[in-house]
Amino acid sequence: MVETSYYLVLAAIIFTVGATGVLLRRNALIIFMCIEMMLNSVNLTLIALARQWGNLEGQIFVFMIMAVAAAEVAVGLAILIANVRHRQSINIDEINLLKW
Amino acid sequence: MSWSLIFFLLVGAVSLAAALGVVTSRQPVHSALFLLTNFATLAVLYITLDAQFLAAAQVIVYAGGIVILILFVIMLIGGDTNDFSAAQRAWSRTVGIALGIILLLVISYSALSRMMGPSEESAALLRGGTPEAVGIELFTKYILPFELVALLLLVALIGALVLGRQQEGAGEGIPSVKANE
């Protein structure tokens, strides 16, 4: 049986890749995918720790996170499309109305 | 080295490579397909972690729903929008990678307190994470959060409809994003 800490390290690396992607890329869609990836790596830690402690609550939590991620994707992509209609761009450097 | 460890390393390597592919691809479509690979390999890892129901849900919700939605949006707004990598700010790449390395070090340090695999009795408590086990928990102890999640999904559905609605009198549809500035 594989040690739990291996899963935690793998999830940490995937999370870091996602976070770095959010910092590096300028395409809003790709930033979106990186956020999904970070959510997924956290799911992996929750499931690994659920196995570690023999507690199903971690898996229930992952179920809830999946629902929230689905809602987030629906609303986020709708915002993206509305922005594309107005500005013809998905470059986040140009989406700066809230910046002073 | 046991077979399960070799299997974990193989699947983990594929997952990590797919994650890197998401970040480094030029085209959003390639990123989306790498993301699909990443989700699928994570579903495989869920099975090795006694979470059968969540592995199925991962494939259905993420691979079947979210990636398809992202691909639809790429189709709508045009896939040729390549990277606007910040040419005007050369420092952003260095800063991003440095912050990533710091984050990785911190997380790995906290995760490296060696946790062995579960004991026999705690593995038995998990009951393999079958739909039956998860469902009994979900519909007895966590029934209120479950209903709230249903409400959340309804609100998200209405919100997406309102946001994505065509404006009155604007009949020209979505123009494709013009090429890189």
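Since every read-out is calculated from the coordinates, none of them should be taken as a lab result. These numbers come from a predicted model, not from an experiment. Methodologically, a virtual Cβ is constructed for each residue, glycine included, from the backbone with ideal geometry; neighbour enumeration extends over all protein chains shown.
Sorted from fewest to most neighbouring beta carbons within 10 Å, what does the list B:TYR109, B:TYR142 look like?
Numbers: B:TYR109 10, B:TYR142 19.
Least to most surrounded, the residues fall as B:TYR109, B:TYR142.
Ignoring everything except DSSP H segments at least 4 long, calculate the 222 nm mean residue ellipticity for chain A; use -39,500 (n - 2.57) per segment, divide by total residues, nearest 500.
Rounded to the nearest 500, the figure is -28000 deg cm²/dmol.
Could you state the orientation-averaged shadow area of the convex hull built on the Cα atoms of the protein assembly as shown, in nm² to one decimal? Walk me through the numbers on the way to the answer.
On the way: hull surface 65.6 nm².
Dividing the Cα hull surface by four gives the mean projection, 16.4 nm².
What share of all Cα pairs of chain A, in percent, falls into each consecutive 10 Å distance bin?
Pair shares across the bins are 15, 35, 29, 15, 6, 0.
Could you work out the relative contact order of segment B:1-81? I mean the mean sequence separation of Cα pairs under 8 Å and 6+ apart, divided by the number of residues, in percent. Don't jump to the answer; show the numbers that get you there.
Working: 65 pairs, mean separation 23.5, N = 81.
Over segment B:1-81, the number comes to 29 percent.
What is the pair-distance distribution P(r) of segment B:1-65, computed from all Cα-Cα distances in 10 Å bins starting at 0, with each bin given as a whole percent?
Going out from 0 Å in 10 Å bins, segment B:1-65 shows 24, 45, 27, 5 percent.
Local charge sum around A:ALA48 (other residues, Cβ-Cβ under 12 Å, Lys/Arg +1, Asp/Glu -1)?
Values: positive: A:ARG51; negative: A:GLU3, B:ASP50.
Summing Lys/Arg as +1 and Asp/Glu as -1 gives -1.
Pairs of Cα atoms under 8 Å, at least six residues apart: use those to get the relative contact order of segment A:4-87, whole percent. List each step's numbers first, then the result.
Details: 56 pairs, mean separation 22.5, N = 84.
After rounding, I find 27 percent.
Let me spell out the model: positive unit charges on the Cβ of Lys and Arg, negative unit charges on the Cβ of Asp and Glu, origin at the Cα centre of the protein assembly as shown. What dipole size does that give, in debye rounded to 20? Intermediate values should be presented prior to the final figure.
Working: 14 positive and 17 negative charges, 138 e Å.
The dipole of the protein assembly as shown has a size of about 660 debye.
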